[in-house]
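Have a look at the structure below, then the notes.
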Amino acid sequence: MVLVNTTEPVLAAVPTGLRGRVASIGIGSAAVPSFDVDNAAGAGAVLRHLYDSGRRRIAMVTGPRWLSCAGRSVTAYRALMRAADLPVRLVAGDFSAPGAAGRRWRPSPGGRTRRDLRGQRRHRARGDLRAAGARDRGAGDVAVAGFDDIPYAAVSTPALTTATHPVRRIATAAATAVLDGRRVPPVTAFPSTLVARESA
């Protein structure tokens, strides 16, 4: 059995008899090994690209709170903003384009006023569909980057800057671990690669 984007309660419910025959794409547990992209490093590469190209008003459209990969990216974003002495701008979202368009700023610690995405000159959205939705809502001088490199990212107008992941390798590694029944490390992280295109 291969679990995809599961939760801690589901992992805790895996029967003892299935241990060694279950792997997870996403978070894992002491009994279930995980295979996933290195979200933090991938998010960091996108953020550094925006910063190095002169962006200083950088926001993140977040993912669902229950999804661990979304949390890891937010943690990376907060750390990089602190290191650059920039304010944290988080926009609550989901994995859809409508989820990014029209969302409002969620106040960060320190009390930021809520502002609509429209009128923001620089922002970064995690997740290609969310990035596309945010881009469509923004003005022409908004730089947008996504995460996942879905097929639409390369053919959108403008083509979307994003981070690509070895999805086939991740899925193959998880399935192979289950089928072979071999012992694997508790966490196997795969690198994410920045793909710079026209949007940022």
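The table that follows gives values for the structure above.
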quantity: ALA30-ARG197 FRET efficiency (beta carbon distance; Förster radius 45 Å; 0.05 resolution); calculated: 0.65
quantity: Difference of contour (0.36 nm per residue) and Cα-Cα distance, VAL187 to ARG78; calculated: 36.9 nm
quantity: Nitroxide proxy distance, nm - points 7 Å out along Cα→Cβ at ASP141 and ALA92; calculated: 3.1 nm
quantity: Extension gain from ARG21 to GLU8, taking 0.36 nm per residue of separation minus the Cα-Cα distance; calculated: 2.9 nm
quantity: Total formal charge among the other residues, if their Cβ is under 14 angstrom from that of ALA177, Lys/Arg +1 and Asp/Glu -1; calculated: +3
quantity: For PHE35, residues with placed amide H under 5 Å, excluding near neighbours; calculated: SER24, ILE25, GLY26, THR188
quantity: Estimated inter-spin distance, THR176 and VAL155, nm [label 7 Å along Cα→Cβ]; calculated: 3.1 nm
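All of the numbers you see were taken from the coordinates with simple rules; none came from a lab. Quantities reported herein were computed from a predicted structural model and do not represent experimental measurements. Neighbour counts run over all protein chains shown; Cβ positions are idealised from the backbone, glycine included.
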